[in-house]
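The values are calculated or read from the model by the stated rules, or taken from the named source; none is laboratory data. On a predicted model such as this, the values are computed, not experimentally measured, just so you know. Every residue, glycine as well, gets a Cβ built from its backbone with ideal geometry; the counts of neighbours run over all protein chains shown.
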Amino acid sequence: MKRLCLLSPDLEHARAVVKDLKEAGFDEKHIYAIARSDMPLADLPDAGPENDDFLPAFERGIALGGAAGLFAGLVALAFPPAGIVVGGGGVLLIGVMGASLGGLLTGMAGAAFPSSRLKAFEKDIEAGKILIMVDVLRDQLDEVTDLIELIEPAIEIEGIEPPAPLIPK
Amino acid sequence: MRRSEAAKRNALLLLACAVVFLSGAAIIAATLG
């Protein structure tokens with residue numbers, strides 16, 4: 001599954017392209033529309049989980065927290081604190097606890113920020129354009145691109161969604 | 001997935017993390033007496 005990004009110059013074109021996509025067999029749950037906060041999207045499908053940075057931040061938190069927890073566990077194994085014997089289970093437990101704490105904290109923080117993957121489109125969205133994303137299968141990509149170019153030439157096709165940066169700016 | 005479903009999923013993930021962390025803390029506390 002790849003996420004194709006399209007920029008619509010206005011609401012009318014956005015509505016039209018969403019209608020075309022639905023007619024082409026795409027389920028509404030695979031279509032996301034993002035606009036400036038003061039623009040009413042009304043009947044367009046909202047951005048859902050793509051609106052904030054929760055998931056990328058959560059994944060980073062799990063990975064970094066887990067790594068830090070494992071490291072702390074290994075340090076405790078090598079240098080037992082105050083005579084407490086830490087075994088392999090203890091190292092694992094501290095690793096899992098680190099991952100869960102990392103996920104918890106960064107997830108909460110990430111939910112407060114707009115999606116870092118959509119940074120590239122921020123200027124266009126601020127300028128009043130509407131970002132439409134649609135999940136398509138890899139081998140359908142050319143077909144969908146051609147279809148949109150043919151039916152809605154005003155829509156700018158921006159290609160595949162950029163990956164989340166490791167460190168959000 | 002719409003916004004309300006996404007918020008529900010996020011909350012569940014955070015809750016799961018909190019449960020795992022607190023369980024770990026409880027195990028450590030019980031082990032240390």
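Is it fair to say A:Ala76 is out of contact with any strand residue (DSSP E or B) (no Cβ under 7 Å at 6 or more places or on another chain), surrounded by fewer than 17 Cβ atoms within 10 Å (Cβ to Cβ) and not basic (Lys, Arg)? For A:Ala76, the condition - out of contact with any strand residue (DSSP E or B) (no Cβ under 7 Å at 6 or more places or on another chain), surrounded by fewer than 17 Cβ atoms within 10 Å (Cβ to Cβ) and not basic (Lys, Arg) - is met. Screening A:Phe121, A:Phe58 for residues that are facing chain B (nearest Cβ under 10 Å) and either modelled with pLDDT under 85 or part of a helix (DSSP H, G or I) (or both) leaves exactly one candidate, A:Phe58. Quick one: is A:Ile94 crowded, with 19+ Cβ neighbours inside 10 Å, of a type in the set (A, V, I, L, M, F, W, C), assigned to a helix (DSSP H, G or I) and in the same structural domain as A:Ala72 (by TED's automatic domain parsing)? Taking the combined requirement at face value, the residue satisfies it. In the range A:89-108, the qualifying residues are those that are more than 7 Å from chain B (Cβ to nearest Cβ) and without any contact (Cβ under 8 Å) to a residue 40 or more places away in the chain, and the one that is nearest to A:Ile62 (Cα to Cα) is A:Ala99. Once the range A:19-55 is narrowed to residues that are in contact with a strand residue (DSSP E or B) (Cβ under 8 Å, 6 or more places away or on another chain), within 14 Å of another protein chain (Cβ to nearest Cβ) and outside any loop (DSSP other than H, G, I, E, B), the residue that is surrounded by the fewest Cβ atoms within 10 Å (Cβ to Cβ) is A:His30.
The residue list A:Glu59, A:Glu122 contains one member that is surrounded by fewer than 20 Cβ atoms within 10 Å (Cβ to Cβ), acidic (Asp, Glu) and more than 30 Å from A:Glu156 (Cα to Cα), which is A:Glu59. Yes or no: A:Gly107 surrounded by 14 or more Cβ atoms within 10 Å (Cβ to Cβ) and not aromatic (Phe, Trp, Tyr)? Yes; evaluated as a whole, the condition is true for this residue. Within the option set A:Glu143, A:Glu158, being surrounded by 11 or more Cβ atoms within 10 Å (Cβ to Cβ), in contact with a strand residue (DSSP E or B) (Cβ under 8 Å, 6 or more places away or on another chain) and either within 23 Å of A:Asp27 (Cα to Cα) or in the same structural domain as A:Asp20 (by TED's automatic domain parsing) (or both) holds for one residue only, A:Glu158.
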